[in-house]
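**Q** Encoded as structure tokens, here's the structure I'll be asking about.
We did not get these values from a lab; they are worked out from the coordinates using the rules stated. Because the structure is a prediction, the values reported are computed rather than measured. Here the Cβ positions follow ideal geometry from the backbone for every residue, glycine too, while neighbour counts run over all protein chains shown.
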Amino acid sequence: AICSCKGLDMTLGVTDSNEKDSLIKQAMLASAERCILALDSEKFDKKSFVKVCKAKNIDIIVTDCEPSEKWTGFCSENNIELVYNKSIERK
């Protein structure tokens, strides 16, 4: 399953702003063999209203540029593959 979110926080996890959308995403992720989260780099360390899942439940994160060292470490520790454009610099 591939989904996006409004925010990604190490403690709270993947969050969204709409409860109905969150329930759909939860069902998608629960039935998927692999969970892919597509988000722009501005969503890291952001929180929204409704929790979708824990961050460690994601298999792959696809984003526009390399996340901070804190996030690359978190992903490495939790076996989350990071995919990003190496030519775009972090803001």
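**Q** Provide the FRET efficiency to the nearest 0.05 for the residue 68-residue 38 pair, computing r from the beta carbons and using R0 = 25 Å.
**A** That pair, residue 68 with residue 38, gives E of 0.85.
**Q** Report the Cα centroid-to-centroid distance between segment 42-60 and segment 1-15 in angstrom, as an integer.
**A** Cα centroid of segment 42-60 versus Cα centroid of segment 1-15: 2 Å apart.
**Q** Something else about it: Could you work out the relative contact order of the chain, using alpha carbon pairs under 8 angstrom and six or more residues apart, expressed as a whole percent?
**A** Relative contact order comes out at 30 percent.
**Q** Using only Cα atoms, find the angle between the long axis of helix 19-31 and the longest principal axis of the chain, and express it within 0 to 90 degrees, rounded to the nearest 10.
**A** 80
**Q** Next question, about the same structure. Using a 7 Å offset from the Cα along the Cα-to-Cβ direction at both residue 12 and residue 87, what is the distance between the two label points in nm, to one decimal?
**A** So the two model labels end up 3.5 nm from each other.
**Q** Among 31, 68, 48, which one shows the highest mean-square fluctuation when the chain is modelled as a Gaussian network with alpha-carbon springs under 10 Å?
**A** Result: 31 has the largest fluctuation of those listed.
**Q** With each run of n ≥ 4 DSSP H residues scored as -39500 (n - 2.57), what mean residue ellipticity at 222 nm is computed for the chain after dividing by its residue count and rounding to the nearest 500 deg cm²/dmol? Mind dumping the intermediate values first?
**A** Working: 2 runs with 22 residues, N = 91.
Rounded to the nearest 500, it is -7500 deg cm²/dmol.
**Q** Would you kindly work out the equivalent ellipsoid of the chain from its C-alpha gyration tensor and give its semi-axes, the square roots of five times the eigenvalues, largest first in whole Å?
**A** Working: eigenvalues 84, 39, 27 Å².
Each semi-axis is the square root of five times an eigenvalue, giving 20, 14, 12 Å.
**Q** Using the structure shown, list the pairs from 20/46; 25/70; 54/86 with a Cα-Cα distance above 23 Å, or answer none.
**A** Beyond 23 Å between Cα atoms: 25/70; 54/86.
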